[in-house]
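A.B. asks: I am attaching a structure below and will ask some questions about it afterwards.
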Amino acid sequence: MEEGALKTMLPNQTTWARPAIIEPLKGFDFDRAASAPPTISAIVWTKAQPLQENGSPQQQNLVGIAASKRWNEREKDLAKMRSFEADWDGFAAEAPNLCLIDKAEFFLRVLRGRYPDNPPMRAVLSADGCVAFEWANDEKFVQAEIIDPKRVEWMFAMPGQDAQFSIEFLEVQSQEQAWQPAPTAVDEPAYAFAR
Amino acid sequence: MAASANRSRRARLRIRTLVRGWPWYYETTALFRHEVIFRAIPNTPDYFQLDMGAWAVTPLAFKPHAKRDIDGMSFFREDFVRCQAVAEANKHAQKARVARIEVAQLKPLELEAKPDPDVAELPGHAIVPEMKYRKNLSDEQRQKTKDRSQKLAQFATRNGVYSPPHLPDPVRTVE
(Lines give C-alpha, C1' and ligand atoms only; values in the text may rest on other atoms or scores of the structure.)
Protein backbone atom coordinates (compact mmCIF):
# COMPACT_ATOMS: atom_id res chain seq x y z
CA MET A 1 0.00 0.00 0.00
CA GLU A 2 1.22 3.44 -0.75
CA GLU A 3 2.56 5.10 2.35
CA GLY A 4 -0.06 7.19 4.04
CA ALA A 5 -2.81 6.34 1.63
CA LEU A 6 -5.39 6.29 4.37
CA LYS A 7 -4.03 9.59 5.59
CA THR A 8 -4.93 11.27 2.36
CA MET A 9 -8.62 11.16 3.03
CA LEU A 10 -10.27 14.49 3.23
CA PRO A 11 -10.65 15.80 6.76
CA ASN A 12 -13.97 16.00 8.57
CA GLN A 13 -15.62 13.45 6.41
CA THR A 14 -16.79 9.99 7.28
CA THR A 15 -15.22 7.64 4.85
CA TRP A 16 -15.24 3.94 4.31
CA ALA A 17 -11.83 2.42 3.84
CA ARG A 18 -11.20 -0.98 2.37
CA PRO A 19 -9.51 -3.16 4.97
CA ALA A 20 -8.55 -6.81 4.50
CA ILE A 21 -5.69 -7.13 2.06
CA ILE A 22 -5.64 -3.51 1.00
CA GLU A 23 -2.64 -3.32 3.29
CA PRO A 24 -0.97 -6.69 2.86
CA LEU A 25 2.49 -5.34 3.49
CA LYS A 26 1.97 -3.54 6.77
CA GLY A 27 -0.03 -4.99 9.61
CA PHE A 28 -1.84 -7.46 7.42
CA ASP A 29 -3.47 -10.29 9.33
CA PHE A 30 -2.08 -13.31 7.52
CA ASP A 31 -3.86 -15.85 9.69
CA ARG A 32 -7.19 -14.28 9.01
CA ALA A 33 -6.53 -13.96 5.33
CA ALA A 34 -5.57 -17.60 5.01
CA SER A 35 -8.70 -18.78 6.76
CA ALA A 36 -10.94 -16.44 4.75
CA PRO A 37 -10.04 -16.33 1.05
CA PRO A 38 -10.11 -12.79 -0.29
CA THR A 39 -13.21 -13.14 -2.39
CA ILE A 40 -15.26 -10.07 -3.15
CA SER A 41 -18.13 -11.34 -1.08
CA ALA A 42 -15.84 -11.88 1.90
CA ILE A 43 -14.65 -8.30 2.17
CA VAL A 44 -15.92 -6.55 5.24
CA TRP A 45 -15.92 -2.79 4.97
CA THR A 46 -14.90 -0.94 8.06
CA LYS A 47 -15.40 2.62 9.05
CA ALA A 48 -12.22 4.66 9.03
CA GLN A 49 -11.70 8.02 10.59
CA PRO A 50 -10.03 10.56 8.34
CA LEU A 51 -6.63 11.79 9.42
CA GLN A 52 -5.63 15.38 9.34
CA GLU A 53 -1.89 15.17 8.82
CA ASN A 54 -0.39 14.63 5.37
CA GLY A 55 -3.83 14.76 3.88
CA SER A 56 -3.55 17.76 1.61
CA PRO A 57 -5.25 17.54 -1.75
CA GLN A 58 -1.86 17.83 -3.43
CA GLN A 59 -0.54 14.77 -1.64
CA GLN A 60 -3.75 12.94 -2.34
CA ASN A 61 -3.32 13.67 -6.01
CA LEU A 62 0.32 12.57 -6.00
CA VAL A 63 -0.54 9.26 -4.37
CA GLY A 64 -3.28 8.73 -6.87
CA ILE A 65 -1.03 9.54 -9.80
CA ALA A 66 1.72 7.22 -8.57
CA ALA A 67 -0.72 4.37 -8.06
CA SER A 68 -2.31 4.97 -11.43
CA LYS A 69 1.10 4.89 -13.08
CA ARG A 70 1.91 1.56 -11.48
CA TRP A 71 -1.42 0.05 -12.51
CA ASN A 72 -0.70 1.15 -16.07
CA GLU A 73 2.78 -0.37 -15.88
CA ARG A 74 1.32 -3.71 -14.84
CA GLU A 75 -1.11 -3.55 -17.77
CA LYS A 76 1.81 -2.90 -20.09
CA ASP A 77 3.73 -5.79 -18.52
CA LEU A 78 0.90 -8.14 -19.39
CA ALA A 79 0.66 -6.72 -22.89
CA LYS A 80 4.39 -7.30 -23.44
CA MET A 81 4.14 -10.85 -22.13
CA ARG A 82 1.80 -11.67 -25.00
CA SER A 83 4.63 -11.20 -27.47
CA PHE A 84 6.98 -13.61 -25.71
CA GLU A 85 7.86 -16.79 -27.53
CA ALA A 86 9.08 -20.13 -26.25
CA ASP A 87 12.51 -19.95 -24.60
CA TRP A 88 11.94 -16.28 -23.75
CA ASP A 89 14.18 -16.64 -20.69
CA GLY A 90 16.98 -18.49 -22.46
CA PHE A 91 16.15 -21.33 -20.13
CA ALA A 92 13.68 -23.37 -22.18
CA ALA A 93 10.66 -21.49 -20.86
CA GLU A 94 7.31 -22.23 -22.41
CA ALA A 95 5.51 -19.57 -24.41
CA PRO A 96 2.99 -17.70 -22.27
CA ASN A 97 -0.43 -19.21 -21.98
CA LEU A 98 -2.57 -16.51 -23.62
CA CYS A 99 -5.68 -17.75 -21.90
CA LEU A 100 -4.02 -17.19 -18.54
CA ILE A 101 -2.86 -13.73 -19.62
CA ASP A 102 -6.48 -12.91 -20.52
CA LYS A 103 -7.50 -13.99 -17.05
CA ALA A 104 -4.62 -12.06 -15.54
CA GLU A 105 -5.79 -8.89 -17.29
CA PHE A 106 -9.27 -9.49 -15.97
CA PHE A 107 -7.95 -10.15 -12.49
CA LEU A 108 -5.81 -7.02 -12.62
CA ARG A 109 -8.97 -5.01 -13.28
CA VAL A 110 -10.61 -6.74 -10.33
CA LEU A 111 -7.63 -5.87 -8.14
CA ARG A 112 -7.67 -2.27 -9.33
CA GLY A 113 -11.29 -1.92 -8.36
CA ARG A 114 -10.71 -3.63 -5.07
CA TYR A 115 -7.46 -2.00 -3.96
CA PRO A 116 -6.94 1.10 -6.09
CA ASP A 117 -4.13 2.44 -3.89
CA ASN A 118 -2.20 -0.81 -3.82
CA PRO A 119 -1.04 -1.84 -7.29
CA PRO A 120 1.10 -4.98 -7.61
CA MET A 121 4.83 -4.26 -7.43
CA ARG A 122 5.50 -6.65 -10.25
CA ALA A 123 3.72 -8.91 -12.68
CA VAL A 124 5.74 -12.01 -13.36
CA LEU A 125 5.62 -14.70 -15.96
CA SER A 126 6.87 -18.09 -14.85
CA ALA A 127 8.78 -20.49 -17.04
CA ASP A 128 5.71 -22.71 -17.36
CA GLY A 129 3.61 -19.86 -18.75
CA CYS A 130 1.68 -18.91 -15.60
CA VAL A 131 1.23 -15.30 -14.53
CA ALA A 132 1.42 -13.89 -11.01
CA PHE A 133 1.21 -10.53 -9.28
CA GLU A 134 3.48 -9.82 -6.33
CA TRP A 135 3.81 -7.35 -3.47
CA ALA A 136 6.81 -7.47 -1.14
CA ASN A 137 9.06 -5.69 1.28
CA ASP A 138 11.62 -6.93 3.80
CA GLU A 139 8.98 -8.37 6.07
CA LYS A 140 6.13 -9.68 3.98
CA PHE A 141 5.43 -11.16 0.62
CA VAL A 142 2.11 -11.58 -1.13
CA GLN A 143 1.67 -13.38 -4.42
CA ALA A 144 -1.49 -13.92 -6.44
CA GLU A 145 -0.86 -16.53 -9.11
CA ILE A 146 -3.33 -17.39 -11.85
CA ILE A 147 -2.92 -21.15 -11.55
CA ASP A 148 -5.63 -21.99 -14.06
CA PRO A 149 -8.32 -20.04 -15.92
CA LYS A 150 -10.70 -20.30 -13.01
CA ARG A 151 -8.53 -19.97 -9.94
CA VAL A 152 -6.12 -17.55 -8.34
CA GLU A 153 -3.89 -18.83 -5.56
CA TRP A 154 -2.87 -16.29 -2.94
CA MET A 155 0.33 -16.88 -1.01
CA PHE A 156 1.21 -14.87 2.10
CA ALA A 157 4.75 -15.30 3.41
CA MET A 158 6.91 -13.88 6.16
CA PRO A 159 10.57 -14.63 6.87
CA GLY A 160 11.06 -17.67 9.07
CA GLN A 161 7.47 -18.84 8.74
CA ASP A 162 5.60 -21.21 6.51
CA ALA A 163 3.62 -19.50 3.79
CA GLN A 164 -0.15 -19.48 4.00
CA PHE A 165 -2.42 -20.01 1.04
CA SER A 166 -5.94 -19.34 -0.06
CA ILE A 167 -7.68 -19.87 -3.36
CA GLU A 168 -9.97 -17.36 -5.01
CA PHE A 169 -12.29 -18.42 -7.80
CA LEU A 170 -12.45 -16.22 -10.86
CA GLU A 171 -15.90 -15.70 -12.22
CA VAL A 172 -15.44 -13.85 -15.44
CA GLN A 173 -18.06 -13.13 -18.04
CA SER A 174 -17.39 -14.83 -21.31
CA GLN A 175 -17.21 -12.65 -24.43
CA GLU A 176 -20.67 -13.86 -25.46
CA GLN A 177 -22.12 -12.98 -22.09
CA ALA A 178 -20.44 -9.60 -22.14
CA TRP A 179 -21.77 -8.60 -25.54
CA GLN A 180 -25.13 -10.31 -25.50
CA PRO A 181 -27.95 -7.83 -24.85
CA ALA A 182 -29.70 -8.28 -21.57
CA PRO A 183 -32.76 -10.50 -21.97
CA THR A 184 -35.93 -8.48 -22.23
CA ALA A 185 -38.69 -9.11 -19.80
CA VAL A 186 -41.61 -10.89 -21.37
CA ASP A 187 -44.84 -10.64 -19.57
CA GLU A 188 -46.87 -13.75 -19.46
CA PRO A 189 -50.02 -12.62 -21.31
CA ALA A 190 -48.04 -11.24 -24.25
CA TYR A 191 -46.06 -14.43 -24.53
CA ALA A 192 -49.23 -16.45 -24.48
CA PHE A 193 -50.71 -14.25 -27.19
CA ALA A 194 -47.71 -14.75 -29.43
CA ARG A 195 -48.15 -18.49 -29.28
CA MET B 1 40.51 -30.20 -15.46
CA ALA B 2 40.69 -33.53 -17.20
CA ALA B 3 39.57 -36.66 -15.46
CA SER B 4 38.81 -40.20 -16.35
CA ALA B 5 35.37 -40.74 -17.80
CA ASN B 6 34.08 -42.84 -14.93
CA ARG B 7 35.04 -40.30 -12.30
CA SER B 8 33.91 -37.28 -14.29
CA ARG B 9 35.47 -33.85 -13.90
CA ARG B 10 37.66 -32.72 -11.05
CA ALA B 11 36.97 -29.83 -8.69
CA ARG B 12 38.58 -26.43 -9.17
CA LEU B 13 41.84 -26.03 -7.31
CA ARG B 14 41.13 -23.86 -4.29
CA ILE B 15 41.98 -24.02 -0.61
CA ARG B 16 38.43 -25.22 0.08
CA THR B 17 38.69 -28.06 -2.38
CA LEU B 18 42.20 -28.99 -1.21
CA VAL B 19 40.79 -29.47 2.27
CA ARG B 20 38.08 -31.62 0.80
CA GLY B 21 40.50 -33.97 -0.87
CA TRP B 22 41.57 -32.43 -4.17
CA PRO B 23 42.90 -33.97 -6.51
CA TRP B 24 40.52 -36.81 -5.66
CA TYR B 25 37.52 -34.50 -5.48
CA TYR B 26 35.29 -35.25 -8.46
CA GLU B 27 31.82 -34.24 -9.62
CA THR B 28 30.50 -37.53 -8.35
CA THR B 29 31.51 -36.70 -4.77
CA ALA B 30 28.53 -36.12 -2.50
CA LEU B 31 27.83 -32.50 -1.64
CA PHE B 32 29.28 -31.15 1.57
CA ARG B 33 27.11 -29.37 4.10
CA HIS B 34 28.90 -26.04 3.68
CA GLU B 35 29.10 -26.15 -0.07
CA VAL B 36 27.48 -23.45 -2.18
CA ILE B 37 25.34 -24.16 -5.21
CA PHE B 38 24.43 -21.74 -8.01
CA ARG B 39 21.31 -21.18 -10.06
CA ALA B 40 21.17 -18.76 -12.97
CA ILE B 41 18.54 -16.03 -12.90
CA PRO B 42 17.74 -14.46 -16.27
CA ASN B 43 18.00 -10.67 -16.08
CA THR B 44 14.31 -9.89 -16.40
CA PRO B 45 11.81 -8.51 -13.88
CA ASP B 46 10.14 -11.91 -13.98
CA TYR B 47 13.09 -13.33 -12.04
CA PHE B 48 14.75 -10.43 -10.27
CA GLN B 49 13.70 -6.96 -9.16
CA LEU B 50 15.71 -4.88 -6.71
CA ASP B 51 12.85 -3.11 -4.92
CA MET B 52 11.16 -6.32 -3.77
CA GLY B 53 12.88 -6.42 -0.38
CA ALA B 54 13.60 -9.90 0.96
CA TRP B 55 12.14 -11.43 -2.20
CA ALA B 56 14.18 -9.58 -4.84
CA VAL B 57 14.63 -13.01 -6.40
CA THR B 58 11.12 -14.10 -7.19
CA PRO B 59 9.92 -17.48 -5.91
CA LEU B 60 9.10 -18.33 -9.52
CA ALA B 61 12.87 -18.59 -10.12
CA PHE B 62 12.69 -21.75 -8.01
CA LYS B 63 9.51 -23.16 -9.46
CA PRO B 64 10.04 -26.65 -10.91
CA HIS B 65 9.99 -26.56 -14.70
CA ALA B 66 8.50 -29.21 -16.98
CA LYS B 67 11.52 -29.34 -19.31
CA ARG B 68 14.48 -28.44 -17.10
CA ASP B 69 13.60 -30.05 -13.81
CA ILE B 70 12.48 -33.52 -14.77
CA ASP B 71 14.78 -35.35 -12.36
CA GLY B 72 15.12 -32.50 -9.91
CA MET B 73 15.87 -28.79 -9.77
CA SER B 74 19.20 -28.01 -11.41
CA PHE B 75 22.07 -26.24 -9.68
CA PHE B 76 25.84 -25.97 -10.16
CA ARG B 77 28.44 -26.48 -7.45
CA GLU B 78 30.74 -23.59 -6.64
CA ASP B 79 33.59 -26.04 -6.08
CA PHE B 80 33.48 -26.98 -9.76
CA VAL B 81 32.40 -23.88 -11.67
CA ARG B 82 32.67 -20.13 -11.32
CA CYS B 83 29.56 -18.02 -11.00
CA GLN B 84 30.71 -16.05 -14.04
CA ALA B 85 30.53 -19.20 -16.16
CA VAL B 86 27.04 -19.99 -14.91
CA ALA B 87 25.91 -16.47 -15.80
CA GLU B 88 27.47 -16.64 -19.25
CA ALA B 89 25.93 -20.02 -19.99
CA ASN B 90 22.45 -18.53 -19.87
CA LYS B 91 21.27 -17.53 -23.33
CA HIS B 92 18.90 -14.76 -22.35
CA ALA B 93 19.33 -11.64 -24.45
CA GLN B 94 19.74 -9.44 -21.36
CA LYS B 95 22.22 -11.86 -19.74
CA ALA B 96 21.76 -13.43 -16.33
CA ARG B 97 22.55 -13.11 -12.65
CA VAL B 98 23.43 -16.01 -10.39
CA ALA B 99 21.75 -16.91 -7.10
CA ARG B 100 23.68 -18.71 -4.36
CA ILE B 101 22.24 -21.27 -1.94
CA GLU B 102 24.17 -23.02 0.80
CA VAL B 103 23.57 -26.74 0.98
CA ALA B 104 22.94 -26.41 4.72
CA GLN B 105 20.00 -24.11 3.95
CA LEU B 106 18.24 -26.94 2.15
CA LYS B 107 17.92 -29.18 5.19
CA PRO B 108 15.23 -27.19 7.07
CA LEU B 109 13.16 -27.36 3.89
CA GLU B 110 13.56 -31.17 3.85
CA LEU B 111 15.53 -30.89 0.64
CA GLU B 112 18.77 -32.56 -0.34
CA ALA B 113 21.17 -31.83 -3.18
CA LYS B 114 22.75 -34.73 -5.03
CA PRO B 115 25.57 -34.76 -7.58
CA ASP B 116 24.35 -35.25 -11.13
CA PRO B 117 27.33 -34.86 -13.47
CA ASP B 118 26.30 -34.17 -17.04
CA VAL B 119 28.90 -33.77 -19.78
CA ALA B 120 26.45 -31.64 -21.74
CA GLU B 121 26.30 -29.13 -18.88
CA LEU B 122 28.86 -27.06 -17.04
CA PRO B 123 30.95 -28.96 -14.48
CA GLY B 124 29.43 -29.61 -11.08
CA HIS B 125 25.84 -30.17 -12.07
CA ALA B 126 23.68 -31.12 -9.09
CA ILE B 127 19.99 -31.64 -8.57
CA VAL B 128 17.50 -31.36 -5.76
CA PRO B 129 15.22 -34.33 -6.46
CA GLU B 130 12.38 -33.23 -4.19
CA MET B 131 11.94 -30.13 -6.35
CA LYS B 132 11.45 -32.03 -9.58
CA TYR B 133 8.54 -31.21 -11.85
CA ARG B 134 5.44 -33.27 -11.17
CA LYS B 135 2.15 -33.29 -13.05
CA ASN B 136 -1.29 -33.18 -11.52
CA LEU B 137 -0.31 -32.08 -8.05
CA SER B 138 -2.95 -31.72 -5.40
CA ASP B 139 -3.46 -28.25 -3.93
CA GLU B 140 -1.57 -29.31 -0.83
CA GLN B 141 1.42 -30.66 -2.78
CA ARG B 142 1.56 -27.60 -5.02
CA GLN B 143 1.43 -25.27 -2.02
CA LYS B 144 4.20 -27.17 -0.27
CA THR B 145 6.39 -26.75 -3.35
CA LYS B 146 5.52 -23.05 -3.57
CA ASP B 147 6.41 -22.58 0.08
CA ARG B 148 9.78 -24.17 -0.55
CA SER B 149 10.26 -21.96 -3.60
CA GLN B 150 9.57 -18.76 -1.69
CA LYS B 151 11.97 -19.84 1.06
CA LEU B 152 14.67 -20.60 -1.49
CA ALA B 153 14.01 -17.16 -3.00
CA GLN B 154 14.53 -15.60 0.43
CA PHE B 155 17.80 -17.47 0.91
CA ALA B 156 18.97 -16.49 -2.56
CA THR B 157 18.18 -12.83 -1.91
CA ARG B 158 19.82 -12.89 1.53
CA ASN B 159 22.95 -14.68 0.29
CA GLY B 160 23.51 -12.08 -2.39
CA VAL B 161 23.04 -12.36 -6.11
CA TYR B 162 26.03 -12.23 -8.44
CA SER B 163 25.64 -9.62 -11.16
CA PRO B 164 28.14 -9.60 -14.03
CA PRO B 165 29.94 -6.27 -14.47
CA HIS B 166 27.92 -3.55 -16.22
CA LEU B 167 24.78 -5.66 -16.18
CA PRO B 168 21.84 -3.25 -16.48
CA ASP B 169 18.84 -3.44 -14.18
CA PRO B 170 16.26 -5.83 -15.52
CA VAL B 171 13.93 -4.26 -18.02
CA ARG B 172 10.98 -5.94 -19.64
CA THR B 173 11.53 -5.98 -23.36
CA VAL B 174 9.54 -7.40 -26.19
CA GLU B 175 11.21 -10.63 -27.25
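A.B. asks: Which of the residues that make up the stretch A:144-166 are part of a strand (DSSP E or B), of a type in the set (A, V, I, L, M, F, W, C), within 11 Å of another protein chain (Cβ to nearest Cβ) and within 20 Å of B:Gln154 (Cα to Cα)?
C.D. replies: Once the filter is applied, which keeps residues that are part of a strand (DSSP E or B), of a type in the set (A, V, I, L, M, F, W, C), within 11 Å of another protein chain (Cβ to nearest Cβ) and within 20 Å of B:Gln154 (Cα to Cα), the stretch A:144-166 yields A:Trp154, A:Met155, A:Phe156, A:Ala157, A:Phe165.
A.B. asks: Continuing with this model, one more query. Tell me which residues, restricted to the stretch B:69-79, are open to solvent by less than 10 Å² (accessible area, probe 1.4 Å), assigned to a loop (DSSP other than H, G, I, E, B) and modelled with pLDDT of 90 or more.
C.D. replies: Of all residues in the stretch B:69-79, those open to solvent by less than 10 Å² (accessible area, probe 1.4 Å) come to B:69, B:72-73, B:75, B:77, B:79.
With assigned to a loop (DSSP other than H, G, I, E, B) added as a condition, the list becomes B:69, B:72, B:79.
If the condition is that a residue be open to solvent by less than 10 Å² (accessible area, probe 1.4 Å), assigned to a loop (DSSP other than H, G, I, E, B) and modelled with pLDDT of 90 or more, then B:Gly72, B:Asp79 are the ones that fit.
A.B. asks: Just name the residue that is least open to solvent (accessible area, probe 1.4 Å) out of those in the stretch A:75-90 that are touching a Lys or Arg at 6+ places or on another chain (Cβ under 7 Å) and at pLDDT 90 or above.
C.D. replies: So, considering only residues that are touching a Lys or Arg at 6+ places or on another chain (Cβ under 7 Å) and at pLDDT 90 or above, the one least open to solvent (accessible area, probe 1.4 Å) is A:Asp77.
A.B. asks: Take the conditions in contact with a Phe, Trp or Tyr (Cβ under 9 Å, 6 or more places away or on another chain) and of a type in the set (Phe, Trp, Tyr) and apply them to A:Phe107. Does it pass? Talk me through it step by step, then tell me what you get.
C.D. replies: Numbers: in contact with a Phe, Trp or Tyr (Cβ under 9 Å, 6 or more places away or on another chain): yes; of a type in the set (Phe, Trp, Tyr): yes.
Yes, satisfied.
A.B. asks: Counting just the residues of the stretch A:113-125 that are within 13 Å of chain B (Cβ to nearest Cβ) and in contact with a Pro (Cβ under 9 Å, 6 or more places away or on another chain), which one comes out surrounded by the fewest Cβ atoms within 10 Å (Cβ to Cβ)?
C.D. replies: Ranking the candidates gives A:Val124 first.
A.B. asks: Take the conditions without any contact (Cβ under 8 Å) to a residue 40 or more places away in the chain and assigned to a loop (DSSP other than H, G, I, E, B) and apply them to B:Leu31. Does it pass? I'd like the intermediate steps shown before the answer.
C.D. replies: Working: without any contact (Cβ under 8 Å) to a residue 40 or more places away in the chain: no; assigned to a loop (DSSP other than H, G, I, E, B): yes.
Here the answer is no, as B:Leu31 does not meet what is asked.
A.B. asks: Going by the structure shown, is A:Val110 on the phi < 0 side of the Ramachandran plot and either open to solvent by less than 20 Å² (accessible area, probe 1.4 Å) or without any contact (Cβ under 8 Å) to a residue 12 or more places away in the chain (or both)?
C.D. replies: Details: on the phi < 0 side of the Ramachandran plot: yes; either open to solvent by less than 20 Å² (accessible area, probe 1.4 Å) or without any contact (Cβ under 8 Å) to a residue 12 or more places away in the chain (or both): no.
No.
A.B. asks: Right, another one. Does the stretch B:162-171 contain at least one residue that is open to solvent by less than 80 Å² (accessible area, probe 1.4 Å) and acidic (Asp, Glu)?
C.D. replies: No, because not a single residue in the stretch B:162-171 is open to solvent by less than 80 Å² (accessible area, probe 1.4 Å) and acidic (Asp, Glu).
A.B. asks: To continue, here is another question. Give the stretch B:27-52 a look and list any residue that's within 9 Å of chain A (Cβ to nearest Cβ) and either touching a Leu at 6+ places or on another chain (Cβ under 8 Å) or over 26 Å from B:Pro168 (Cα atoms) (or both), or say none.
C.D. replies: B:Asp46, B:Tyr47, listed by residue number.
A.B. asks: To continue, here is another question. Restricting to the stretch A:151-163, name every residue that is in contact with an Asp or Glu (Cβ under 8 Å, 6 or more places away or on another chain) and either basic (Lys, Arg) or closer than 18 Å to B:Phe62 by Cα (or both).
C.D. replies: Step one: filter the stretch A:151-163 for residues in contact with an Asp or Glu (Cβ under 8 Å, 6 or more places away or on another chain), giving A:151-155, A:157-159, A:162-163.
Residues satisfying the conditions are A:Arg151, A:Glu153, A:Trp154, A:Met155, A:Ala157, A:Met158, A:Pro159, A:Asp162, A:Ala163.
A.B. asks: Specify which of the listed residues (B:Lys146, B:Lys91) is surrounded by fewer than 18 Cβ atoms within 10 Å (Cβ to Cβ) and either at the interface with chain A (Cβ under 10 Å from one of its Cβ atoms) or closer than 21 Å to B:Arg12 by Cβ (or both).
C.D. replies: B:Lys91
A.B. asks: Going through the stretch B:53-68 one residue at a time, which ones are within 7 Å of chain A (Cβ to nearest Cβ) and part of a loop (DSSP other than H, G, I, E, B)?
C.D. replies: Result: B:Thr58, B:Lys63, B:His65, B:Ala66, B:Lys67, B:Arg68.
A.B. asks: Next up: Considering only the stretch A:91-107, state which residues are open to solvent by 10 Å² or more (accessible area, probe 1.4 Å) and within 13 Å of chain B (Cβ to nearest Cβ).
C.D. replies: A:Phe91, A:Ala92, A:Glu94, A:Ala95, A:Pro96, A:Asn97
A.B. asks: Taking the stretch A:130-142 on its own, how many of its residues are more than 7 Å from chain B (Cβ to nearest Cβ), farther than 11 Å from A:Asp77 by Cβ and buried (at least 20 other Cβ atoms within 10 Å of the Cβ)?
C.D. replies: As a first pass, look at the stretch A:130-142 and keep what is more than 7 Å from chain B (Cβ to nearest Cβ): A:130-131, A:133, A:135, A:139-140, A:142.
Then drop every residue that is not farther than 11 Å from A:Asp77 by Cβ, which leaves A:130, A:135, A:139-140, A:142.
The next check asks that each one be buried (at least 20 other Cβ atoms within 10 Å of the Cβ); those that pass are A:130, A:135, A:140, A:142.
Total meeting the criteria: 4.
A.B. asks: Continuing with the same structure: Would you please name the residue that is most open to solvent (accessible area, probe 1.4 Å), looking only at residues in the stretch B:109-139 that are more than 15 Å from the chain's Cα centre (by Cα) and modelled with pLDDT of 95 or more?
C.D. replies: B:Glu110
A.B. asks: Exactly one condition in (1) out of contact with any Cys (no Cβ under 9 Å at 6 or more places or on another chain); (2) over 19 Å from A:Phe141 (Cβ atoms) is not met by B:Arg142; state its number.
C.D. replies: For B:Arg142, the failing item is (2).
A.B. asks: Now a separate question. Report whether or not B:Tyr47 is surrounded by 15 or more Cβ atoms within 10 Å (Cβ to Cβ), over 29 Å from B:Asp147 (Cβ atoms) and of a type in the set (Phe, Trp, Tyr).
C.D. replies: Considered against the rule, which asks whether it is surrounded by 15 or more Cβ atoms within 10 Å (Cβ to Cβ), over 29 Å from B:Asp147 (Cβ atoms) and of a type in the set (Phe, Trp, Tyr), B:Tyr47 comes out as no.
A.B. asks: Also, quick follow-up: Answer yes or no: is there a residue in the stretch A:72-83 that is within 27 Å of B:Lys95 (Cβ to Cβ), touching an Asp or Glu at 6+ places or on another chain (Cβ under 7 Å) and at the interface with another protein chain (Cβ under 9 Å from one of its Cβ atoms).
C.D. replies: yes
The values are calculated or read from the model by the stated rules, or taken from the named source; none is laboratory data. Predicted, not measured: the structure shown is a model, and the values here were computed from it. Because the Cβ atoms are built from the backbone with ideal geometry, glycine has one as well, and the counts that use them run over all protein chains shown. Ligands, DNA and RNA are excluded from the accessible area calculation, which covers all protein heavy atoms including side chains. Shrake-Rupley method; radii C 1.70, N 1.55, O 1.52, S 1.80 Å.
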